[in-house]
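Everything on this sheet refers to the single structure shown next.
The values are calculated or read from the model by the stated rules, or taken from the named source; none is laboratory data. The shown structure was predicted, so the numbers you read here are calculated from the model rather than taken from an experiment. Quick reminder, even Gly has a Cβ in these numbers, built from the backbone with ideal geometry, and neighbours come from all protein chains shown. With ligands, DNA and RNA removed, areas are computed over all heavy atoms of the protein, side chains included. Shrake-Rupley method; radii C 1.70, N 1.55, O 1.52, S 1.80 Å.
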Amino acid sequence: MTTLNPYIYFNGNCEAAFNFYKSVFKKEFTYVGRYKDVPKKDRHIFQEADEKIMHVALPISTETILMGADNIVAYKETMRYSSFSLILHTDSKEEADRLFTELSERGQVKVPMNTTFWNSYYGLCIDKFGISWKITM
């Protein structure tokens, strides 16, 4: 089976963002690596970011893993932010409301949770880290 998992780059606040997502999704990290963990022979491009997150993995479901890293100087020229939203499909209105409420806390509500003209329960928010989330049931 082929799966697609989102990988999000942050500007130095990956750890705070993923601790927030961990609390929202009520899951545990399967991996957290810091740039200081890179073997010494390969460290020349990562020296300025020892404590920053090199890779973090947070399983959301059996098929989906949310992953991320701090976008450090070594990647600035090759990695650029682009427009995107992460969409969460839930099994219940209650879970959709819970996720929307927690993800939008101290962020921005763009479209409040509501039944749409296409007969979906849907909302759109931007979390406090600037990530756009679409939640639907």
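A few points about this structure:
- Of all the criteria given as (1) among the small types (G, A, S); (2) crowded, with 16+ Cβ neighbours inside 10 Å; (3) at pLDDT below 95, the one not satisfied by G130 is (2).
- Flag for F18 being modelled with pLDDT under 90 and open to solvent by less than 60 Å² (accessible area, probe 1.4 Å): no
- Among residues of the range 85-135, those that are among the polar types (S, T, N, Q), in a strand (DSSP E or B) and within 17 Å of the chain's Cα centre (by Cα), counted: 2
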